[in-house]
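Heads up: the structure comes next, in structure tokens.
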Amino acid sequence: MGGYLKNGEWLAGDDGFADEDGSFHRTTSEFRDWITPDGSPGPSGQDAAKAQKDRFHLYVSYACPWAHRTLITRRLKGIEAFVPVSVTHWLMRERGWTFDEGPGVVSDPNENASTIHELYQIADPDVSGKATVPVLWDKKERRIVNNESSEIIRIFNTAFTDLGARDIDLYPETLRDEIDEVNERVYENVNNGVYKSGFATTQEAYEDAVEPLFDTLHWLEARLEGKDYLVGKQLTEADVRLLTTLLRFDAVYYGHFKCNRKRIADLPNLHRYMLDLAARDEIADTIHMDHAKRHYYQSHTSINPTQIVPVGPDLQFA
């Protein structure tokens, strides 16, 4: 269930996860501006706002792995005071992501929005598409700066350096080519691969997605032999981007999305790597598996019509 925006109007209901051929294709994020220390253009010449205290706000769902990336990066960089956060309810139905009361929900202090789609309508009265999280909001201009998680984490990595962000570089210049290569394969086959498997509506589309998923998980398993990180000898954005999928895999994707060849627990290098990263204080504080499990099993009624949330597995990082 869910809804979507068409020419600024919210249309409740499900516009479908899969295309006519039974394959899932993720929509492109629409808001792609940047934040820089001095307001100069972004890395590809994007319009940019100047990093300032009390100007920006992050909207997330604890359930969403794409939003989870931004929460982890925000904590690693120590910019919580510069970018406060609001958290949606885990259940997504005909109103999309909402701020209905529930455990862990943090309401919207800026626009008093009751749903995420209201923020999209304020930012662009003629907007069309999905109303997704994360959303990086400019309170001063009442607009969405960016809603693409991969770009928000790069914004967080550099924008607030002059204001006192932690001196940790998750996208170091000397490792960028290798990080980009890893990111590309992980995004296509793992981060998005679980969705392509779970939302497929034909056997062919499902198998076309699930085979590369496990090929890539085995590639990652081999890559992590004797290593703590995916690229180089330090934590990078490649680790952050992979981790949020790994954390949800055994509890959600293995059963709910039929990604059941192996669990992450069956892949010793990946399992060790996941647990080591999840044990870090900055990361552990961002993990909310109760939201993740409830969201997937009770929002996707076409996949799980009973809406029963499984009691397991017993996760060591939970």
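The values are calculated or read from the model by the stated rules, or taken from the named source; none is laboratory data. This structure is a prediction, so every number in the text was calculated from the model and none was measured. Glycine also receives a Cβ, built like all others from the backbone with ideal geometry; neighbour counts cover every protein chain displayed. To get the accessible areas, we keep the full protein, side chains included, count just its heavy atoms, and leave off ligands, DNA and RNA. Shrake-Rupley method; radii C 1.70, N 1.55, O 1.52, S 1.80 Å.
Per-structure values
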{"read-out": "Rounded accessible area of GLU188 (nearest 10 Å², 1.4 Å probe)", "value": "80 Å²"}
{"read-out": "Local net charge near LYS139, Cβ-Cβ under 10 Å (Lys/Arg +1, Asp/Glu -1)", "value": "0"}
{"read-out": "Violating pairs (Cα-Cα greater than 29 angstrom) within the set LYS6/LYS258; LYS262/LYS293; LYS233/LYS293", "value": "LYS6/LYS258; LYS233/LYS293"}
{"read-out": "The range 88-97 - phi-based ³J(HN,Hα) in whole Hz, Karplus 6.51/-1.76/1.60, Gly and Pro as x", "value": "7, 5, 6, 7, 10, 10, 5, 9, x, 5"}
{"read-out": "Accessible surface, per residue, of the range 166-212 when the full set of protein chains is kept, probe 1.4 Å, Å²", "value": "54 Å²"}
{"read-out": "Ratio of the Cα radius of gyration of the range 216-276 to 2.2 N^0.38 Å, where N counts its residues", "value": "1.08"}
{"read-out": "Long-range HN-HN contacts of VAL145 with modeled amide H, under 5 Å", "value": "LEU136, TRP137, ASP138"}
{"read-out": "Area of TRP219 that stays accessible when all protein chains are in place (1.4 Å probe, Å², to 10)", "value": "70 Å²"}
{"read-out": "Of all accessible heavy-atom area on the chain, the percent that carbon and sulfur account for (1.4 Å)", "value": "44 percent"}
{"read-out": "FRET efficiency estimate (nearest 0.05) - Cβ-Cβ, PHE317 to GLN203, R0 22 angstrom", "value": "0.05"}
{"read-out": "Nearby aspartates and glutamates by direct alpha-carbon distance to LYS77 (threshold 16 angstrom, same-chain neighbours under 8 apart not counted)", "value": "GLU151, ASP162, ASP167, ASP169, GLU237, ASP239, ASP281, GLU282, ASP285"}
